[in-house]
């Protein structure tokens with residue numbers, strides 16, 4: 001880990017208390033922080049040069065009954081990345097928006113709302129971003145069964161076409 | 001800024017330039033390099049395992065039978081058909097493909113108003129019959145969905161294990177077993193290969209779900225010798241495992257062992273809950289090896305009264321007296337036999353049919369007889385000197401060693417230097433057993449093994465036996481045939497060999513050719529011949545023998561292991577061979593045959 005990142009980590013710990021640190025490589029570090037400290041830590045990191053929100057995403061940890069929200073911050077000054085992760089309840093999932101820090105978060109939050117069902121307080125733009133006429137639970141939740149949905153939504157059909165015959169002709173096993 | 005008067009005229013030059021737009025549909029825009037387009041499937045690589053169909057999240061892939069495909073082990077005669085009305089082009093089918101035959105192309109244009117025109121069985125020419133289709137999505141390390149490496153089995157190191165006969169394969173822990181079970185794709189190609197057609201994906205899934213009682217029920221549906229087979233099965237299943245096409249086969253044998261080792265034997269009867277309707281008929285079984293025990297188990301679960309006759313002091317046949325203890329401890333075998341006895345099967349040991357009781361007498365007391373007497377006679381190379389008392393046969397020696405280890409016989413004479421002749425698993429058993437005895441007695445190993453087969457691949461022994469034997473200090477000399485045993489003053493000094501050039505002739509017949517000018521001497525003060533075994537039919541009266549058909553020493557039966565004499569069934573090495581699981585299968589089919597025979601007799 002770069003010295004500057006280490007110094008910044010120490011500073012964050014002084015301000016926000018201890019948290020778990022996972023070094024991914026020389027220029028990338030992941031920290032797991034409590035939910036109520038996320039905005040403070042993001043604000044501090046932003047002011048220290050980690051000004052670019054590269055990604056805001058979510059992971060469904062269904063067995064733990066939690067969602068993990070992940071913010072990836074990038075510094076254009078030294079090319080380093082901070083991955084800030086926090087766990088929220090999976091039932092009635094709610095978090096605060098970071099639109100005021102990064103306007104682009106509006107779209108990331110819309111996407112997470114659409115695919116995981118997480119509400120972001122302060123972001124009033126929760127219209128679906130990608131899917132049309134979606135009529136089931138958010139599809140990136142682990143309890144969504146794509147196969148079952150597919151079968152329900154698009155019942156199987158019978159084909160009369162002799163697909164094997166066609167394939168054998170393609171392969172030259174049979175003359176057309 | 002003043003614009004040039006001629007500026008608009010400049011635009012005219014574009015009249016003569018090529019347009020930057022593409023004339024769709026006359027021209028096609030090329031898809032990106034890793035595009036997930038229509039599929040391509042190499043039929044020669046594809047094994048029809050159906051894993052693509054199972055992983056498909058949109059139910060777009062169905063496996064279709066291809067009648068013209070050759071039926072062979074390790075393959076199913078079916079290929080995937082893809083409904084492009086359903087496909088979401090996620091590429092999971094490609095990422096999980098066990099062989100790597102399925103890939104995606106950079107083709108993406110297909111137009112039709114007919115729904116019928118959206119289903120295809122992709123071939124090497126994609127779905128559009130085009131030679132050399134450009135490939136798009138190819139799986140890489142990151143997208144790979146299979147775990148290609150097996151969970152390593154812990155074994156005692158060679159230096160340590162050669163000091164004793166302790167079982168050196170430790171067995172999987174729960175975490176290891178569940179991890180290994182998760183590698184299975186449940187294609188069932190293994191089941192087709194297993195001579196006994198065990199429900200392998202089903203019991204592996206039970207392990208994954210951590211439901212060992214269910215796993216035990218699956219095992220005992222087809223195999224009452226699971227504790228034995230979980231250790232020493234020749235595991236043909238693993239040779240065809242779909243994962244082995246690109247990685248290491250699922251450790252099916254060790255997973256079977258994990259189930260039997262982790263269910264307490266006192267719970268077996270409760271879990272398996274046999275509830276047969278008792279039948280009147282009595283069946284005699286001659287020989288308590290794998291086939292005999294298997295037949296007894298299946299007959300007992302059908303409600304028949306079964307008696308087994310065994311000429312040796314303990315039941316188990318080759319499992320008790322042949323296979324060394326470091327691979328198959330007595331306790332593992334006892335566990336399997338105890339369950340069979342608990343079903344009411346009686347085992348009479350020290351009772352030789354043909355000597356203590358005549359086969360004809362047996363026929364009078366029983367309604368049907370199953371003979372599974374095995375290959376008990378050793379074969380000799382017959383070279384000069386083999387009549388010396390210190391040139392011994394493999395099976396009697398292995399029996400003496402096992403009896404000694406059980407404390408039932410005196411210590412056999414342990415040679416300081418030994419020459420083993422033979423390249424099969426029995427030769428390995430002798431070499432590795434004597435290596436242990438030597439280590440225990442003299443502190444060092446001196447075993448040399450020579451065989452006709454010219455290299456390790458040609459040798460019939462399992463590769464792991466050869467590798468492990470080597471680790472334990474056994475020296476291998478493949479490609480040598482014995483000429484004579486060297487004897488001086490009545491003492492064995494060694495064996496003289498000549499180079500073997502070829503074991504089988506062009507017709508595949510055993511017809512070894514030698515170079516008499518290329519000779520070698522291996523020193524040793526004892527020689528073991530382990531070049532194969534033969535059946536002993538002396539218990540069969542002439543009158544019966546004359547009615548049976550023998551093919552190369554084996555008894556001919558129908559698929560229900562029924563001989564030409566309706567009440568006489570046979571199985572094991574004397575019918576099929578060559579291993580335990582084939583014996584178990586013989587027992588199973590014989591039990592069904594005997595049941596059919598007795599039921600039809602009842603009716604008539």
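A short reminder: the numbers here are calculations on the coordinates, not readings from a lab. Just so it is clear, the model here is predicted, and its values are computed rather than measured. Virtual Cβ from ideal backbone geometry, glycine too; neighbours counted across all protein chains shown.
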Express in whole angstrom the spacing between the alpha-carbon centres of the stretch B:156-229 and the stretch A:77-105.
-> 46
In whole percent, what relative contact order does chain B give with Cα contacts below 8 Å and a gap of six or more residues?
-> 12
Between residue B:365 and residue A:131, what is the FRET efficiency for a Förster distance of 56 Å, r being their Cβ-Cβ separation, to the nearest 0.05?
-> 0.15
Among DSSP beta bridges lying fully in chain B, give the percent that are antiparallel, nearest 5.
-> 55
In the protein assembly as shown, what percentage of the DSSP-assigned beta bridges are antiparallel, given to the nearest 5?
-> 60
Using Cα atoms only, what is the angle between the long axis of helix B:330-342 and the major principal axis of chain B, expressed in degrees (0 to 90) to the nearest 10?
-> 80
Between the stretch A:114-176 and the stretch B:417-436, what is the C-alpha centre distance in whole Å?
-> 60
Take every Cα-Cα distance within the stretch A:3-151, group them into 5 Å bins from 0 onward, and report for each bin the whole-number percent of pairs it holds.
-> 2, 9, 18, 21, 18, 14, 9, 5, 3, 1, 0
Estimate the FRET efficiency between residue A:143 and residue A:76 by the formula 1/(1 + (r/R0)^6), using the beta-carbon distance for r and 35 Å for R0, to the nearest 0.05.
-> 0.35
Alpha carbon centre of the stretch B:525-604 versus the stretch B:244-277: separation in Å?
-> 28
With a 10 Å Cβ neighbour count serving as the proxy for reagent exposure, in which order, fewest first, do B:589, B:218 appear?
-> B:218, B:589
Extension reserve of the residue B:550-residue B:155 stretch, reckoned as 0.36 nm per residue once the Cα distance is removed | 137.9 nm
Hey, what angle do you get for helix B:212-222 against the long axis of chain B, alpha-carbon based, 0 to 90 degrees rounded to 10?
-> 70
What list do you get for B:271, B:466 if you sort them by fewest beta carbons within 10 Å?
-> B:271, B:466
Want the number for residue A:68 to residue A:161: 0.36 nm per residue separation, take away the alpha-carbon distance, what's left?
-> 28.8 nm
How high is the relative contact order of the stretch B:388-487, in percent, with contacts defined as C-alpha pairs under 8 Å that are six or more residues apart?
-> 26
Between the modelled labels at residue B:135 and residue B:147 (7 Å from Cα along Cα→Cβ) the distance in nm is 2.7
Can you give the FRET efficiency for residue B:506 and residue B:470, using 1/(1 + (r/R0)^6), R0 = 41 Å, r = Cβ-Cβ distance, to the nearest 0.05?
-> 0.85
Plugging the Kirkwood radius over Cα pairs into Stokes-Einstein for the stretch B:380-531, at a temperature of 20 °C and a viscosity of 1.002 mPa s, what D comes out in µm²/s?
-> 137
Separation between the residue B:14 and residue B:358 pseudo-spin-labels, each 7 Å from Cα along Cα→Cβ, expressed in nm?
-> 11.2
Just round it to a whole percent: the fraction of Cα-Cα distances in the stretch A:70-176 exceeding 25 Å.
-> 49
In nm, spacing of pseudo-spin labels at residue B:463 and residue B:109 (7 Å Cα→C-beta vector) | 4.8
Calculate how steeply helix B:252-261 sits against the longest principal axis of the alpha-carbon atoms of chain B, using the helix alpha-carbon long axis, and give the answer as 0 to 90 degrees to the nearest 10.
-> 60
DSSP beta bridge pairing in the stretch B:374-498, given as percent antiparallel to the nearest 5 = 45
Compute the distribution of all C-alpha to C-alpha distances in chain B, in bins of 20 Å from 0, and list the percent of pairs in each, rounded to whole numbers.
-> 17, 41, 29, 9, 3, 2, 0
Averaged across the residues of A:160-169, what count of C-beta atoms belonging to other chains lies within 10 Å of each residue's C-beta?
-> 6
Fraction of the pair-distance distribution of the stretch B:3-89 above 21 Å, Cα-Cα pairs, percent = 58
